[in-house]
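Read through the structure below, which is laid out as structure tokens, and then see the notes.
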Amino acid sequence: MLLPREELVEQAYLFQILLDRLGQDISIQDLLLQVKQELLATTKLPMAVEFLLAELKHSGIMATGMKRLQHYFTSFQSFVVEESERDRGRFDFRMALQILQKESQYRSESENPQGAFFYQFESLCRNRLPYDAGLLAISQDPIYSPDWQQWILVVRRQLGLVDLADLIYGRSEDFVAYRKRRLGPDTVTDVPILFGEKEGKIAFANRRKDPLYLFAAMQRHLGYPTVPRPVKLDDTQANVTQLMRRIERLEQRIKLQEDEKRSGIDITKFYGERNIAD
């Protein structure tokens with residue numbers, strides 16, 4: 001069951017506020033308590049946040065609570081949070097919040113399953129998340145019809161054996177038009193068509209290429225949402241500060257060597273006042 005628009009708007013606000021306030025030395029429990037007061041009381045999100053708070057106090061993680069609220073949070077949302085909470089994972093919780101915020105915002109504006117699929121699948125690619133578990137979670141999203149869910153499971157089984165662009169092109173209106181030109185106008189396809197003519201043409205043009213080029217072309221020509229990318233931190237200032245400290249230590253060592261060659265090192269200048277008094 002799809003959530004109403006106001007629920008998705010509040011979800012996007014929740015993820016955005018958590019992202020903005022995460023670096024303020026405040027625990028995630030305290031952040032959820034703060035945000036709970038700001039959420040629209042006519043939605044179900046405050047009750048969901050209260051449940052997540054109880055789960056955090058009990059187990060220390062959010063993903064289990066989101067999984068228990070399958071009627072409210074999608075399986076893809078739970079999967080993204082679960083991957084970010086893994087101890088040995090490299091997927092950051094901040095990036096998870098960015099992905100969820102943008103997804104909720106897009107779904108509050110459009111119920112297009114094509115855009116949702118490309119966004120979710122690109123999120124797996126760019127962040128190197130496990131495809132098997134990720135595609136299974138995507139297939140359980142209520143935005144997809146049974147035909148869509150079945151096809152996503154086909155992608156899950158054939159990914160790595162069959163090119164993704166071929167899988168998309170074979171379920172597009174452009175492929176149907178091609179078959180009718182080759183086999184006659186009365187040709188009937190035996191599989192559901194999930195993508196339009198434009199998606200089919202873009203997929204055909206990106207066969208045997210990196211899937212990221214396919215996603216970028218979809219975003220340029222069809223306005224599908226872009227996946228947030230990790231921002232590379234500028235550590236120039238930190239490197240300069242570290243270099244200056246090393247130079248200072250080298251200068252001190254050189255000065256000690258020069259003093260030793262001249263008249264020896266006067267170690268009394270390194271004594272503290274207390275040692276001198278004694």
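The values are calculated or read from the model by the stated rules, or taken from the named source; none is laboratory data. Keep in mind that this is a model prediction, so the values were computed, not measured. So basically every Cβ, Gly included, is an ideal-geometry build from the backbone, and we count neighbours across all protein chains shown. Surface accessibility is based on the protein's heavy atoms, side chains included, excluding ligands, DNA and RNA. Shrake-Rupley method; radii C 1.70, N 1.55, O 1.52, S 1.80 Å.
A few points about this structure:
- Filter pass, VAL81 being buried (at least 22 other Cβ atoms within 10 Å of the Cβ), part of a helix (DSSP H, G or I) and out of contact with any Gly (no Cβ under 8 Å at 6 or more places or on another chain): yes
- Condition check for ASP147: surrounded by fewer than 15 Cβ atoms within 10 Å (Cβ to Cβ), outside any loop (DSSP other than H, G, I, E, B) and not basic (Lys, Arg): yes
- Just one of the numbered conditions (1) within 28 Å of ILE17 (Cβ to Cβ); (2) part of a loop (DSSP other than H, G, I, E, B); (3) open to solvent by 40 Å² or more (accessible area, probe 1.4 Å) is not true of GLN105: (2).
- Qualifying position, being in a loop (DSSP other than H, G, I, E, B), among the acidic types (Asp, Glu) and either in contact with a His (Cβ under 9 Å, 6 or more places away or on another chain) or open to solvent by less than 70 Å² (accessible area, probe 1.4 Å) (or both), among ASP141, ASP190, ASP174: ASP141
- Of the numbered criteria (1) in contact with a helix residue (DSSP H, G or I) (Cβ under 7 Å, 6 or more places away or on another chain); (2) without any contact (Cβ under 8 Å) to a residue 60 or more places away in the chain; (3) farther than 28 Å from ALA96 by Cβ, the one GLY196 fails is (2).
- For segment 35-53, the criterion of being part of a helix (DSSP H, G or I), touching a Pro at 6+ places or on another chain (Cβ under 7 Å) and either surrounded by fewer than 18 Cβ atoms within 10 Å (Cβ to Cβ) or not polar (S, T, N, Q) (or both) is satisfied by at least one residue.
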